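Data block below; observations after.
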Amino acid sequence: MSSDRRRPPRAGSSNRDARSSEADRSARDGRPSFRPPAKNGAHPAVVIGTLVLFLISGVFFVYSLVNRPDEVDTVVIEIDTNTEYNAIKRRIIQSKTLVREVVQLRSDDDNERFSRKWNVANEYAGTTLDMLREMLKDVKKPDGTLPVEYSGYNTDFTQLTTLINDLIHVAPLDGDWDVED
């Protein structure tokens, strides 16, 4: 009997089949071996609630499939003139930076780099001028001038034409660029 009161062997010890020996001992002693109680299933209300939620989500899914629109909605992006004008102002500032870089590269020995930079600056300033003209084409008078209430835009026209004129004065001699007559 003293051997029955011994501690069970530790994990990793030489006696690997400790559980079966305990079951055998309890069977020999006449006691039933310990078995944990069976787990109860989920409460019926939880099961019914889950099924109802799945059923409702299925109904919503089918309803959304049946009632989806057949034609695609078109998105119209409205451009506010303030937004457009702010973009043009940023482009004017960038044009000034590009022209300043071109003027600094004029005295450099790398003519190809100077020509590429000149073309980029000329195209960028020209596009900006076209954007400003396009924005103001509806408000110009028949003679091509702006009304008095729009005269503030004349400074932007002046800045852009000055930048383009500066670019023309430092144009590369061997460049392939068109001169407007």
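Where a number appears in this text, it was derived from the coordinates with a stated rule and is not lab data. The model shown is predicted, which means the values in this text are computed figures rather than measured ones. Backbone-built Cβ (ideal geometry, glycine too); neighbour counts: all protein chains shown.
Each peptide in 63-69, 34-40 was scored by the mean count of other Cβ atoms within 10 Å over its residues; highest first, the order is 63-69, 34-40. Here each label is just a point 7 Å from Cα along the line to Cβ, and for Ala87 and Arg100 those points are 2.5 nm apart.
Would you please name the trypsin sites (Lys or Arg not before Pro) within region 107-152 that are DSSP coil residues with at most 10 other C-beta atoms within 10 Å of their C-beta? Passing both the DSSP loop test and the Cβ count: Lys137. Between Val52 and Val76, the modelled labels are 4.7 nm apart [label points 7 Å from Cα along Cα→Cβ].
Along each principal axis, taking the top coordinate minus the bottom one, the Cα set of region 81-169 gives 47, 26, 16 Å in descending order.
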